[in-house]
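Have a look at the structure below, then the notes.
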Amino acid sequence: MAFTKFTDPIDHIANLSDRPNDTDGMNAQALKAAFDQGFADTQDYLNNTLIPELDVEQGKIAQLQQDIEDIEAGAITEDSVNTAAIQNLAVTTAKLADLAVTAAKIANLTITAAKIANSAIETAKLADRAVTGPKIALAAVSGEHLGSKVVKQANIGDGAVGTTQIADSAVTLAKTAGIQKEINVFSGTLTAAGWSNEAQALTIQGMTATCNFVAAPNNSTGWAAAADAMLYPPTAGANTLTFTCDSVPAADIHVTVFWWEA
C-alpha cells in the first residue's frame, strides 16, 4: 500500500513578520508556540499516521515470510490458498498427483456444476465406489448428464434396483420389447355337449397360430375327466384353441389357458 504523505505546512517561523511582537502583537508564549508548531505537527504525523501504517505492512510482511517458510517446509497453512488466490485454469489435472484431492479435503458445496467443465469428470478419474448415493443430491444426475448406455448391467449391483425404486408404470411393454412378453390369461369350459367328432374349440380373442401357450384343467375333477377321455394337447389358431380326445368326456372340463406371443 502507499503510505500517507506529510503535507502540513512547516514554514510557521518564515511566515512571521520581522517584528512579531510589535507588528503581529505576539507575546512570548505565542512566539514559542509558533517555533514549536512544525515539530508538533511532525510528531503527530509520525505517531498517529506513519507508524500505524508501518505496523500494518510489517504484519503483512511477517505473514508472508511465515507462508514462504511453510511452503518450503512442505506445509501450507489452512486458508492460505483460497479461491481468490488461484488464477483461472491454474490447477489442472496434470498438476495434481494421484489421489491428491480426497473427499475429506473438499468442503461441502465447494464444487458446483458451474465450476466443472463439460466432460471434466471421466470414469478413469473416479476411484471405485467414489460416487455414492449420499454424495448425489436429489435430481443432480439428469438425462442430459448421462452418456449413451452409461448405466450397464455390470455397473448395477445385485439388489440395487428394487420395487420401491421403480415409479408406477415406469416399466412398460414398449420398454421391454424382446425381453418381457405380456402373458394373457383365459378361463373357459369344454362342455360335455360341445364336442363334435371328439373335438371342441374355445374362442380366445387375440390368440394366433404361432403364439406360445399353456392349457390345463383348473381343478381335480377336470384332470380326472381329461385323463378318462385321453385329452390331447390342444392346437392354437386364429382366435381359437382346439382340443381333441379319444372319447367324449361325460362332464364339463373347466380349463385355464396362459398364452403369449412368441
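List of remarks:
- Selected residue (criterion: surrounded by the most Cβ atoms within 10 Å (Cβ to Cβ)) from residues of the stretch 214-239 that are of a type in the set (S, T, N, Q) and more than 18 Å from Ala193 (Cα to Cα): Asn218
- Residue count for the stretch 1-14, restricted to those that are of a type outside the set (Ser, Thr, Tyr) and surrounded by 10 or more Cβ atoms within 10 Å (Cβ to Cβ): 7
- So Asp11, is it at pLDDT 90 or above, over 60 Å from the mean Cα position of the chain (by Cα) and not polar (S, T, N, Q): no
- Meets criteria (at pLDDT 95 or above, surrounded by 10 or more Cβ atoms within 10 Å (Cβ to Cβ) and either closer than 14 Å to Leu231 by Cα or of a type in the set (A, V, I, L, M) (or both)) for Leu202: yes
- Within the stretch 1-19, residues that are farther than 18 Å from Ala40 by Cβ have Cβ atoms under 7 Å from residues that are at pLDDT below 85 and part of a loop (DSSP other than H, G, I, E, B) in these pairs: Ser17/Thr23; Ser17/Asp24, counting only partners at least 6 apart in sequence or on another chain.
- Of all residues in the stretch 251-262, at least one satisfies being in contact with a Lys or Arg (Cβ under 7 Å, 6 or more places away or on another chain) and among the hydrophobic types (A, V, I, L, M, F, W, C).
The values are calculated or read from the model by the stated rules, or taken from the named source; none is laboratory data. Since this is a predicted model, take the numbers as computed values, not measurements. Cβ sites come from the backbone with ideal geometry, for glycine too, and all protein chains shown count toward neighbours.
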